[in-house]
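Have a look at the structure below, then the notes.
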Amino acid sequence: MKFGYIATIALIALVAIVGFASADRLPNATPENQLFSIDTVIDATGAVDDKSTMSWVISNPGATPTGILEKGQSIADVTFKDAILTNGGKIAENKNFDFNSQNQLKGLYNIESQKVLTYASTEGAHMVGEEEYTLSVAGNYADADDNIRCVFSTNHGGILPAFCNIVSAKSSLVNVNSAQISTKGQIRAVAETADVPAGLNYQIAVTPDANSGSGFAEGSVKTVFAGSIMEARDGGDTNYNYDGSAASDYKTATWNKTAATNTWKDTTEVTGGIKTLQKAFAYQSGFQKLS
């Protein structure tokens, strides 16, 4: 049977970069640098169960808090999950996972994972799978001079407000009979200075198995990209005018008061014959230099 469903390309690019306002301030690395890689190659006919998970929490300064963050403290919470399960059929998979806890620069990442697999059903077998990346970063207000180098021209010791941001990218495979699937994910969660933004990228492409002869991938594929952004505007016990001078009328500090929220979600689900399905997601949140 041939199917006529074609899923076209979808692209999401979110950038939360502001001037003298709130954005992610990443914690920096611990003195010990952790690096590891996991490479997986599978070429098999039969049942396959392949799982990878990782949870990483890092904060600074000081130990990971159990309550409210201290002034200037930030925390990053990262999770990664990947799983493939079949009850038969022929599968060929090549998967690479790399982790580096070192401080990263713009364009570099702490977690990088990529996967290419081809699956063909035999005797009614199916493949299911799931992949998910989550990045959660929160921080209390802090003095700008302690966090950003040569960014703000103010002389009063500007305040960087508090924030609590979380984003995720997830894909699911259900009852796949035939397909070639490739994915790539990246997360940046630690940096030496706050002018390096938090980042999460994810890409997935589903195309037909060239050996199937049908010209279509067969199964169900779903992607969910989501984010919840909460930003404060002020910090400490003093309000400042936009020119950097202290406000004449004293007000109660609002470092823990939400000044902006941004909640979003993108969902795509395809069932049947898939000629092409491509989704790409790019997110970063950080500060930019003021001219």
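Bear in mind these aren't lab numbers, they're just calculated from the coordinates by the rules spelled out. Predicted model only: the values in this text are computed from it and were never measured. Every residue, glycine as well, gets a Cβ built from its backbone with ideal geometry; the counts of neighbours run over all protein chains shown.
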Evaluate the charge dipole of the stretch 17-120 about its Cα centre and quote only its size in Debye, nearest 20, assuming +1 on the Cβ of each Lys and Arg and -1 on the Cβ of each Asp and Glu.
260 debye
Flagged as over-length at 22 Å C-alpha distance, from Lys184/Lys275; Lys51/Lys95; Lys71/Lys170, the pairs are Lys71/Lys170
So the FRET efficiency between Met54 and Val128, C-beta based with R0 = 25 Å and rounded to 0.05, is 0.75
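If r is the Cβ-Cβ distance from Ala260 to Ile42 and R0 is 45 Å, what FRET efficiency results, to the nearest 0.05?
Working: r = 46 Å, r/R0 = 1.02.
Rounded to the nearest 0.05, the efficiency is 0.45.
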With Cβ to Cβ distances under 9 Å as the rule, what net charge do the other residues near Gln203 carry (K, R +1; D, E -1)?
+2
Return the distance in nm (one decimal) between the two label points of a simple spin-label model at Ala226 and Glu70, each offset 7 Å from Cα along Cα→Cβ.
3.4 nm
At 0.36 nm per residue, and after removing the present C-alpha to C-alpha distance, how many nm does the segment from Ala92 to Thr268 gain when stretched out fully?
60.8 nm
Under the 0.36 nm per residue contour assumption, what length would be gained going from the current alpha-carbon distance of Asn211 and Asp143 to full extension?
18.5 nm
Which three lengths, in whole Å and largest first, does the stretch 26-66 cover when its Cα atoms are put on their principal axes?
51, 22, 15
Taking each pair of distinct Cα atoms in the stretch 151-230 once, what is the resulting Kirkwood hydrodynamic radius in Å?
16.5 Å
